[in-house]
Number of protein chains: 2
Amino acid sequence: MPDTTLSSSVGLVTPQTATFETDFHLACGKHLPGFELVYETYGKLNDTASNAVLVCHALSGHHHAAGYHHLDDRKPGWWDSYIGPGKPIDTRHFFVISVNNLGGCHGSTGPQSINPDTGTSWGPDFPIMTVEDWVKSQALLADRLGITRFAAIVGGSLGGMQVLQWPITYPERLANAAIIAATPKLSAQNIAFNEVARQAIRSDPEFHDGWYEQHGVLPKRGLKLARMIGHITYLSEHSMGAKFGRDLRTDSLNYGYDVEFQVESYLRYQGDAFSTRFDANTYLLMTKALDYFDPASGHNNDLAKALSNTLCRFLVVSFSTDWRFAPERSRELVNALVKAKKPVSYTNVDSPYGHDAFLLPNDHYEAAFGAFMRRIYSDLNQGTL
Amino acid sequence: MPDTTLSSSVGLVTPQTATFETDFHLACGKHLPGFELVYETYGKLNDTASNAVLVCHALSGHHHAAGYHHLDDRKPGWWDSYIGPGKPIDTRHFFVISVNNLGGCHGSTGPQSINPDTGTSWGPDFPIMTVEDWVKSQALLADRLGITRFAAIVGGSLGGMQVLQWPITYPERLANAAIIAATPKLSAQNIAFNEVARQAIRSDPEFHDGWYEQHGVLPKRGLKLARMIGHITYLSEHSMGAKFGRDLRTDSLNYGYDVEFQVESYLRYQGDAFSTRFDANTYLLMTKALDYFDPASGHNNDLAKALSNTLCRFLVVSFSTDWRFAPERSRELVNALVKAKKPVSYTNVDSPYGHDAFLLPNDHYEAAFGAFMRRIYSDLNQGTL
């Protein structure tokens, strides 16, 4: 933990676990006989429990969004640039909750947890999760923490989809929603990329229909390929070109199948690292949650109708070179919100970094997001939230 | 062979084989002790051998570009829409040659051929091919057929790269070059997609370092994934959306890992079909040829300089929704040709079909390409070619 970051860091944090022993019914028709959620909090809940902010994570994210777990951690949480004292989600003012989603592989109940019916890990028997299920589980955690209504719920990518689902499921339970680098539903191309990733994992002979743990192996090849494909879609063509271009790994061409270009080396490294630290069944489940998300589908494909009961204010942020969830996809959402006569601010941030931009420092993004959050704090102080 | 197409079809065609027994030196430093090329011809070579047109194929293409091999063929050759009587490459006027590239898996010498040094198939020992090597081998075929100078050389995608290399290697040997849906070099993102495809094949346990034939197996899983990834890049996001949208395979969601959306079904089908009809070593080799192509690299990255000795006229065609080789990439080439003071016509064809558009019927494309070819025929008749 570098000393220099301390003043703007939430510092050392310790994950907590909440256990729920009630039967939890899922959109897929199955149910979980209780579950655990691992989460972190930053800042302090005020006396009226009105300053809570929920942070929702993306495909490969988790509850560790800010600060450090250990003094010798080299990297802080995944959204540390945006959470901390003086940062857009200012922990001097807000009580921030960041939770590992159900079905995850970072401590919350998921495929690696024990299935009480069998006494062994759930593996592929773990039910398919949807964004609606996550929102319901997050609401149970809010109940547990005494939070009736969030000052704001925020998140990027798949996290942004959870933010969008919240005011549809629980209109009364949040005052503000910040939906960043997201989309109201996946396109055919988005689903296609997910499907190739899934096929890569599922066709790995060491996947064993999801029972790899029982076979003492890991479907590393498949997970590596899935991550490599994902990485291409997270970066813009421009940023990949600027970072790697056609630079060679060595001084001259080797005319073989070893790494020739730097971009190949980068992708292999990213894929290898991911293949041992992430659970394949969780990865599959997360991609399915992405595919299924489509709040308009229950409203005759009319997104404005799906949003008609919402009561919160919205901030929508997209990034100019994001081609995974392009600015057009955010505009679909903004247009539906306008049609539904809901209060919405929208900004398309100029950034060369593609979809990944939502995780990276950027003056315009920080300014827009920061202003949105400062207004919430001002409303909170004036009792108008 | 449908009767209705006969008047505009080249009809039944029979592939031919040319055998070359000279040592063939390759860019990678290795050499082939002779080789065979399989090719087809359409139309008739005139007395002065001045009406020959060479067609170059793309990644998964072959020599069968037009007409039918059998009366009961359901589909004609891959570029039948553009080759035939009255079509842009009018076989009433031109003698068309279409050749399966060296290293291919459709009859020309490649990884499945016998390595005379070992008496068994080359497999992964088959040397890496480059676009320059292909052009040299095609020139040997032209010599064999008595063609000193082509009226035109034409091709799309990787085929277009061969067309671009031709006037650089052999300025005197062609009068016209039509470079369609191509790029003067791959971007980092292009290389990244190729690398994921290669890793998919190479990490398939049935790949056996390329010796799958000797093991009596095929790396079908890897080849399927490679093709699925390829297909996503061949279609535009729009055309994929228009074709499949979020349509479900069955009436309702099944919340599992079977096919849920139509686009998944399509990709799996395409991948499966390809995995048994294409050779994995050839696929790897073709993607490497794409990666390595960069004619400017030997000229201080100055493409205009690389083109300075060319003597032909150029037609460059791009497609509005092609994101594999976007219109910007064609414009790089056009700008370099303009800078080098070379005669070039350029058109960006409005099409919703992405990269695949170069294979599909399109009025504007047919008109532009047809006009270019008619002018060549007119020059031929007037003796000004």
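What follows is calculated from the coordinates using simple rules that are stated; it is not laboratory data. What you see is a predicted model; the values in this text were computed from it and never measured. Glycine also receives a Cβ, built like all others from the backbone with ideal geometry; neighbour counts cover every protein chain displayed.
In the frame of its principal axes, the protein assembly as shown has Cα extents of 97, 56, 52 Å, reported largest first. Of all aspartates and glutamates in the structure, the ones whose alpha carbon falls short of 15 Å from that of A:LYS339, not counting any fewer than 8 places away in one chain, are A:ASP302. Expressed per residue, the C-alpha convex hull volume of the range A:49-201 stands at 151 Å³. Take the Cβ atoms of A:ASN300 and B:ARG277, set R0 to 51 Å, and the FRET efficiency comes out at 0.75.
For A:LEU141, the point set 7 Å out from Cα toward Cβ sits 6.1 nm from its twins in the other copies, listed from shortest up.
Cross-link partners of A:LYS44 among aspartates and glutamates, defined as those whose alpha carbon lies under 15 angstrom from its own and excluding same-chain residues fewer than eight positions apart: A:ASP90.
Axis between B and A by rotation; chain B residue with nearest Cβ and distance in whole Å recorded as B:PRO205, 3. Computed from the alpha carbon atoms alone, the convex hull of the range B:194-348 holds 155 Å³ per residue. Structure note, pairs B:LYS224/B:LYS288; B:LYS220/B:LYS243; B:LYS305/B:LYS342; A:LYS220/B:LYS224; B:LYS87/B:LYS243: Cα-Cα distances above 20 angstrom occur for B:LYS220/B:LYS243; B:LYS87/B:LYS243.
Centroid-to-centroid, using Cα positions, the range B:24-46 and the range A:46-73 are 62 Å apart.
Roughly how many debye, to the nearest 20, is the charge dipole of the range A:170-273 about its Cα centre, given +1 on each Lys and Arg Cβ, -1 on each Asp and Glu Cβ, and no other charges?
Computed charge dipole of the range A:170-273: roughly 260 debye.
Charges were assigned to the Cβ only: +1 to each Lys and Arg, -1 to each Asp and Glu. The resulting dipole of chain B about its Cα centre is roughly 900 debye. For chain B, modelled as a GNM whose springs connect Cα atoms under 10 angstrom apart, the maximal fluctuation among B:HIS364, B:HIS215, B:HIS62 occurs at B:HIS215. Ordering A:TYR42, A:VAL13, A:VAL53 by the projection of their Cα atoms onto the charge dipole of the range A:1-60, which places +1 on the Cβ of Lys and Arg and -1 on the Cβ of Asp and Glu, puts A:VAL53 at the extreme positive end. Take B:SER345, move 7 Å from Cα toward the beta carbon, and the resulting point lies 5.4 nm from the same point in each other copy, nearest first.
Between identical copies, the spacing of B:HIS31 label points, each set 7 Å from Cα toward the C-beta atom, reads 7.8 nm from nearest to farthest.
Each of B:THR19 and A:ARG92 was given a label point 7 Å from its Cα along the Cα-to-Cβ line. The distance between the two points is 8.6 nm.
Distances longer than 32 Å among the Cα atoms of chain A: what percent of all pairs is that? Of the Cα pairs, 33 percent sit more than 32 Å apart. Once both labels are positioned 7 Å from their Cα atoms along Cα-to-Cβ, the gap between A:GLU328 and A:VAL217 label points is 4.2 nm. Ordered by the count of other Cβ atoms within 10 Å of each Cβ, fewest first, B:VAL13, A:VAL135, B:VAL96 give B:VAL13, A:VAL135, B:VAL96. About the centre of its Cα atoms, the range B:1-158 shows a dipole size close to 380 debye [charges on the beta carbon of Lys, Arg (+1) and Asp, Glu (-1) only; nearest 20 debye]. Once the Cβ-Cβ distance of A:LEU141 and B:LEU141 is raised to the sixth power relative to R0 = 56 Å, the FRET efficiency obtained is 0.20.
Would you please classify the overall shape of the range B:178-270 from the alpha carbon gyration tensor, given that a ≥ b ≥ c denote the square roots of the eigenvalues, rounded means a/c under 1.5, and beyond that prolate means a/b larger than b/c while oblate covers the rest?
Details: a/c = 2.68, a/b = 1.17, b/c = 2.29.
In terms of gyration-tensor shape, oblate.
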